[in-house]
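*Asks:* One structure is given below, represented as structure tokens, and several questions about it will come after.
Any read-out appearing in this document is the output of simple, stated calculations on the displayed coordinates, not a laboratory observation. Keep in mind the model is a prediction, meaning the values are calculated, not measured.
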Amino acid sequence: MKLLFKQRFFSWFDSYDIYNEAGETVYTVKGQLSWGHCLKIYNAAGQEIGTVKERILTFLPKFEMYIGDSYIGCISKEFSFFTPKYNIDCNGWHVEGDWFEWDYTIYGSSGHTVATVSKQLLNWTDTYVIDVRDPKDSLSALMLVLAIDAEKCSRD
């Protein structure tokens, strides 16, 4: 299952539309006014289904992920040189990527590929393609991509 993750061009807060391969909106993400990033995820029917929330007052950036009101895990940036590293406490997953942080792979606990993420260049806004192997993992994979993108935006 491929998802096209596009940031909205004119938006005061972080806002994204996520499309499937047929060009249909699958998810909508809207940023909320808060200390740190707080991203609410809505399904195609407009129902809130998830949240990615930055924890503030931490040495390195840390984001908590929720499906509904249930905490499912967090992702935190690790101190490293050149290649970005993230500690993921969600589903036993881990992320490996390039030093530009444009292309990376999410691996499951047994080493299998959960999703690959690649940034499309030459677009007006941040645009990523998320290729998720199992559609049931699409929301969790999207949350990881949102957290990594938010961390990069905070740093820049």
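*Asks:* Past the 23 Å Cα-Cα mark, which pairs from K85/K136; K30/K62; K53/K77; K85/K152? Don't skip to the end; give the middle numbers.
*Replies:* Working: K85/K136 25 Å; K30/K62 19 Å; K53/K77 14 Å; K85/K152 12 Å.
Checking Cα-Cα distances, K85/K136 exceed 23 Å.
*Asks:* Continuing with the same structure: Out of Y27, Y86, Y71, any idea which swings most in a Gaussian network model of the chain, alpha carbons joined below 10 Å?
*Replies:* Maximum among the listed residues: Y71.
*Asks:* Per the Kirkwood treatment, what hydrodynamic radius in Å, one decimal, follows for the stretch 21-61 from the mean inverse distance over all distinct Cα pairs?
*Replies:* On the way: mean 1/r = 0.0859 Å⁻¹.
After inverting the pairwise mean of 1/r, the radius is 11.6 Å.
*Asks:* Using the Kirkwood formula on the Cα atoms of the chain, what hydrodynamic radius do you get, in angstrom to one decimal?
*Replies:* 15.6 Å
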